[in-house]
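See below for the structure under consideration.
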Amino acid sequence: MIIDSHTHLIPPDVIENWSHYVSRDATFAELFHRSSKTSTAEQLIEAMNKHGIAISVVLGMGWTDNSLNEYVNDYLLESSRKYPDKIVPVTGIVPSSGNQGIYEAERCLSAGSRGFGEIHAYSQSNNLIDFDLMSPYMVMLEEYDYPLIVHGS
């Protein structure tokens with residue numbers, strides 16, 4: 001069995017309205033360019049079937065904009081409900097957003113997220129060794145025995 005343990009999905013309307021999201025989110029602007037390859041859930045499933053990939057773990061992106069993070073999380077969770085045997089969602093968090101971020105993390109776990117990530121310490125301005133900042137998330141993950149995935153560059 002082949003498992004793709006690190007991939008990303010972008011909602012179709014985000015792809016279509018590229019320039020709007022580039023101006024709205026620092027992570028989006030840093031990582032994605034017009035020529036970047038992106039996938040919707042349907043495109044991912046098509047590629048998985050073509051290449052014999054059984055399961056894909058789809059990650060959030062470490063967005064800086066809370067509403068974009070929530071929107072993409074909804075898309076990941078919806079995609080996993082549509083393709084439950086193929087897509088495993090790991091949803092994004094914005095630790096610097098205080099209670100709003102904690103609420104979003106709890107919401108996602110309740111809706112089927114299998115961990116948090118991918119977080120970007122630099123573009124999200126997160127100090128990952130700040131106990132007060134990260135503790136609420138780590139406690140949630142420990143309860144479920146789920147991972148935190150950190151972008152390493």
Worksheet entry | Which numbered condition residue 57 misses (of (1) within 18 Å of residue 150 (Cβ to Cβ); (2) part of a helix (DSSP H, G or I)) | (2)
Practice prompt. Considering (1) part of a helix (DSSP H, G or I); (2) under 23 Å from residue 2 (Cα atoms), say which one residue 146 fails and leave the rest.
Written response: (1)
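Conditions tested, residue by residue: (1) part of a loop (DSSP other than H, G, I, E, B); (2) under 29 Å from residue 129 (Cα atoms); (3) of a type in the set (Ser, Thr, Tyr); (4) in contact (Cβ under 8 Å) with a residue 60 or more places away in the chain.
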| residue | (1), (2), (3), (4) |
| --- | --- |
| 15 | no, no, no, no |
| 36 | yes, no, yes, no |
| 44 | no, no, no, no |
| 49 | no, no, no, no |
| 72 | no, yes, no, yes |
| 88 | no, yes, no, no |
| 96 | no, yes, yes, no |
| 100 | no, yes, no, no |
| 108 | no, yes, no, no |
Item to complete: Within the stretch 110-125, count every residue that is at pLDDT 95 or above and either surrounded by fewer than 17 Cβ atoms within 10 Å (Cβ to Cβ) or in a loop (DSSP other than H, G, I, E, B) (or both).
Response: 6
Worksheet item: Where residues in the stretch 131-153 are of a type in the set (Ser, Thr, Tyr) and in contact with a helix residue (DSSP H, G or I) (Cβ under 7 Å, 6 or more places away or on another chain), which of them is surrounded by the most Cβ atoms within 10 Å (Cβ to Cβ)?
Response: 137
Worksheet item: Which of the following residues is modelled with pLDDT under 95, surrounded by fewer than 16 Cβ atoms within 10 Å (Cβ to Cβ) and closer than 19 Å to residue 27 by Cβ: 128, 68?
Response: 128
Worksheet item: Looking only at the stretch 17-34, which residues are charged (D, E, K, R), more than 16 Å from residue 71 (Cα to Cα) and assigned to a helix (DSSP H, G or I)?
Response: 30
Practice prompt. Determine the pairs where a residue that is under 19 Å from residue 31 (Cβ atoms) and without any contact (Cβ under 8 Å) to a residue 60 or more places away in the chain, located within the stretch 138-153, has a partner that is among the β-branched types (Val, Ile, Thr) and surrounded by 12 or more Cβ atoms within 10 Å (Cβ to Cβ) with Cβ atoms under 7 Å apart, the partner being 6 or more residues away or on another chain.
Written response: 150/119
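The values are calculated or read from the model by the stated rules, or taken from the named source; none is laboratory data. Just so it is clear, the model here is predicted, and its values are computed rather than measured. For neighbour counting, all protein chains shown are included, and Cβ atoms are generated from backbone atoms with ideal geometry for every residue, glycine included.
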